[in-house]
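Visitor: Sharing a structure here in C-alpha cells format.
The values are calculated or read from the model by the stated rules, or taken from the named source; none is laboratory data. Since the model is a prediction, treat every value here as computed from it, not as a measurement. Please note: Cβ atoms are built from the backbone with ideal geometry, for glycine as well, and neighbour counts cover all protein chains shown.
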Amino acid sequence: MVFGVGSPTADLMFVGEAPGFHEDKQGIPFVGQAGKLLDKLLGGIGLERSQVYICNVLKCRPPGNRDPVPDEKEACEPYLFRQVELIQPKVIATLGNHATKQLSGKETGITRVHGQEQRLKVGSLEVLLYPLYHPAAALYTPAMLTVLEQDFARLPELLGREVAPPVAAAPPLVEVAAEPAVQLGLF
C-alpha cells in the first residue's frame, strides 16, 4: 500500500492516479521518472517535496498497471477524503484525468480543465482544486513540459489566496508515527 508522503501541514497537496512499479516497491508515491519530473517542477517554483503532500486516488497498484476501475476508486475514496481532511491543504493539484475527475465529481477531461482552478468542498473543508497534466504526459510528449511548467508557475499565486474556513472543525492532526497510514490516522 502507498498512502502518501510529505508535510502533514502542507498548503499544497498533489493527488495522482495510482502507484506505479517503483512506488509499489518503495511504498512512496511519485518516485519513478514522473516523480523526478514532479520534483523538478516543484523546484522551478521554489518548493521541495518535503513542503507539500503527495498521494494518489488508489492506494495500491492496479494489476498490470492498468487504469483504475470505478470500484477501485470508490473503495479508496474514503481514505483520500480523510487525507484531505487531515492535511487541510489550501490547494489540491490533481495530476491527470483520474484524480481530476474523482475529486471534481465531473467527467470533463484534463485537456479542457488543466490550469483552471475551481472551488471544491471535501468533507467540511473548502479548497481550490487545480487540475494539472500528469508529469508522465511530459515524459511521453516533450511539448507538454512547457504547458506543465506554465500551469505550475501559477501555484504560488494560488497558495497566496485565502480560502473560506471549514464549516466544521476538522479533526486534529495526529502525532507523526513510523507508518504513513498510522501517521494519518487511517488505521
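Visitor: Are any of the residues in the stretch 36-53 surrounded by fewer than 16 Cβ atoms within 10 Å (Cβ to Cβ), under 18 Å from residue 152 (Cα atoms), basic (Lys, Arg) and out of contact with any Phe, Trp or Tyr (no Cβ under 8 Å at 6 or more places or on another chain)?
Guide: Checked against the condition, which is being surrounded by fewer than 16 Cβ atoms within 10 Å (Cβ to Cβ), under 18 Å from residue 152 (Cα atoms), basic (Lys, Arg) and out of contact with any Phe, Trp or Tyr (no Cβ under 8 Å at 6 or more places or on another chain), the stretch 36-53 yields at least one hit.
Visitor: Those residues that are in contact (Cβ under 8 Å) with a residue 40 or more places away in the chain and not in a strand (DSSP E or B), I need them from the stretch 112-144; list them, please.
Guide: Within the stretch 112-144, 117, 123, 124, 134, 135, 136, 137, 138, 139 meet the criteria.
Visitor: Pick from the stretch 123-147 the residues that are among the aliphatic types (A, V, I, L, M) and under 15 Å from the mean Cα position of the chain (by Cα): which of them is farthest from residue 109 (Cα to Cα)? Give the steps one after another, and end with the answer.
Guide: Kept after step one, since they are among the aliphatic types (A, V, I, L, M), are these residues of the stretch 123-147: 125, 127-129, 132, 136-139, 143-145, 147.
Now drop any that are not under 15 Å from the mean Cα position of the chain (by Cα), which leaves 127-129, 132, 136.
Numbers: 127: 20, 128: 18, 129: 14, 132: 11, 136: 16 Å.
The extreme case among them is 127.
Visitor: Would you mind stating whether residue 57 is aliphatic (A, V, I, L, M) and closer than 18 Å to residue 105 by Cβ?
Guide: Working: aliphatic (A, V, I, L, M): yes; closer than 18 Å to residue 105 by Cβ: yes.
So residue 57 passes the test.
Visitor: Among the residues of the stretch 91-105, are any at pLDDT below 95, polar (S, T, N, Q) and loosely packed, with under 15 Cβ neighbours inside 10 Å?
Guide: Taking every residue of the stretch 91-105 in turn, none turns out to be at pLDDT below 95, polar (S, T, N, Q) and loosely packed, with under 15 Cβ neighbours inside 10 Å.
Visitor: Can you tell me which residues in the stretch 61-78 are touching a residue at least 12 places away in the same chain (Cβ under 8 Å) and over 15 Å from the mean Cα position of the chain (by Cα)? Lay out the reasoning, then the answer.
Guide: Step one: filter the stretch 61-78 for residues touching a residue at least 12 places away in the same chain (Cβ under 8 Å), giving 61-62, 65, 67-68, 72-73, 76-77.
61, 62, 65, 67, 68, 72, listed by residue number.
Visitor: Does residue 32 meet the test of being surrounded by fewer than 22 Cβ atoms within 10 Å (Cβ to Cβ) and either without any contact (Cβ under 8 Å) to a residue 60 or more places away in the chain or of a type in the set (Lys, Arg) (or both)? Before you say what the answer is, go through the steps one by one.
Guide: Values: surrounded by fewer than 22 Cβ atoms within 10 Å (Cβ to Cβ): yes; either without any contact (Cβ under 8 Å) to a residue 60 or more places away in the chain or of a type in the set (Lys, Arg) (or both): yes.
Yes; evaluated as a whole, the condition is true for this residue.
Visitor: Among the residues of the stretch 1-29 satisfying the criterion of being of a type outside the set (Gly, Ala, Ser), free of Cβ contacts under 8 Å to residues at least 60 places away in the same chain and closer than 18 Å to residue 137 by Cα, which is surrounded by the fewest Cβ atoms within 10 Å (Cβ to Cβ)?
Guide: 21
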